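Structure first, then comments.
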C-alpha cells in the first residue's frame with residue numbers, strides 16, 4: 001500500500017498545519033521559528049516544506065508536527081491523517097522503490113541544503129558589509145568589502161531563492177553550478193577564515 005506519509009504530505013500543506021498549531025504566519029509566509037529562540041520571523045513556510053534561515057531547521061509537514069509535539073514522525077503522520085480526514089485505509093498501490101534513485105535523491109538533497117546554508121551565511125555577511133563599510137562620504141574611496149557586497153548581493157540572493165522555491169530542474173542546475181570546480185567548497189573555506197579573523201580581532 002502507498003505510504004501514509006506520502007498521503008498526508010499530499011493532502012496537508014505546511015502553512016495550514018502551522019496556523020492550526022497556533023503559529024502566526026505573516027503576509028510573507030514567515031513565522032517565528034519554534035525550534036530556537038527567534039525574536040523576528042526567520043522560518044519560511046512553503047506549501048510542501050519549511051526552512052528556517054536562523055537555525056537551519058527544515059522538513060515537511062510531518063517533520064514540523066513531530067518537532068512541535070515531540071512525537072515520532074509516524075505518530076505525527078497518523079495525527080495529521082486523523083485531523084485532516086486523510087483516508088489511509090484505501091491508499092493506492094505503491095511502486096517498488098528504486099534504491100539507486102532514492103540514494104541519488106538523498107545526495108542531491110544533502111548537497112542542496114549545504115549550498116543553501118553556505119549561501120545564506122554569505123548573504124548575511126554581504127548585508128553586514130554593505131551597511132558597515134558604506135563610504136562615509138559620496139566621493140570617498142569605497143572599501144573592498146562594500147564593493148563586493150554591492151556586486152554580489154543580488155546574485156547570491158537570487159541563487160538562495162532559487163534553491164528554495166525553484167523548480168526541481170532549476171535547483172539541480174543551481175547545485176551543479178555551485179559544486180562545479182569546488183566553488184561552494186572555496187566559499188565555505190573563505191567564510192570560515194573570515195569568521196576566525198573576526199573572532200581573533202574581537203578577542
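Taking 136, 41, 73 as the candidate residues, the one with maximal mean-square fluctuation in a Gaussian network model of the chain, Cα springs under 10 Å, is 136. Put a dot 7 Å past the Cα of residue 180, heading toward its Cβ, do the same for residue 110, and the two dots end up 2.4 nm apart. Recomputing P(r) over Cα pairs in 5 Å bins from 0, in percent from the coordinates shown identifies the correct label among (i) 1, 8, 15, 19, 19, 14, 10, 7, 4, 2, 1, 0, 0; (ii) 1, 8, 17, 21, 22, 16, 10, 4, 1, 0; (iii) 1, 6, 11, 15, 16, 15, 12, 9, 6, 4, 2, 1, 1, 0, 0 as (iii). Where only DSSP H runs of four or more residues are counted, the chain gives -20000 deg cm²/dmol as its mean residue ellipticity at 222 nm, each run worth -39500 (n - 2.57). Projecting label points 7 angstrom from Cα along Cα→Cβ for residue 167 and residue 143 puts them 4.2 nm apart. Calculated on the Cα set of segment 99-202, radius of gyration then Dmax: 16.4, 61 Å. Which shape class, rounded, prolate or oblate, goes with segment 1-64 when its Cα gyration tensor gives a ≥ b ≥ c as root eigenvalues, a/c under 1.5 marks rounded, and past that a/b bigger than b/c marks prolate? Here segment 1-64 falls in the prolate category. Structure remark: mean-square fluctuation, Gaussian network model of the chain, C-alpha springs under 10 Å; the largest value among 110, 189, 137 belongs to 137. The stretch between residue 24 and residue 199 holds 59.4 nm of extra length on full extension. This uses 0.36 nm per residue minus the Cα-Cα distance. Give the angle, between 0 and 90 degrees and rounded to the nearest 10, that separates the Cα long axis of helix 183-202 from the longest principal axis of the Cα atoms of the chain. That works out to roughly 60 degrees.
Values quoted throughout were computed directly from the atomic coordinates according to the rules given, and no laboratory measurement underlies them. In this text, all values refer to a predicted model and were calculated from it rather than measured experimentally. Neighbour counts are summed over all protein chains in view; Cβ atoms, including those assigned to glycine, are modelled from backbone coordinates with ideal geometry.
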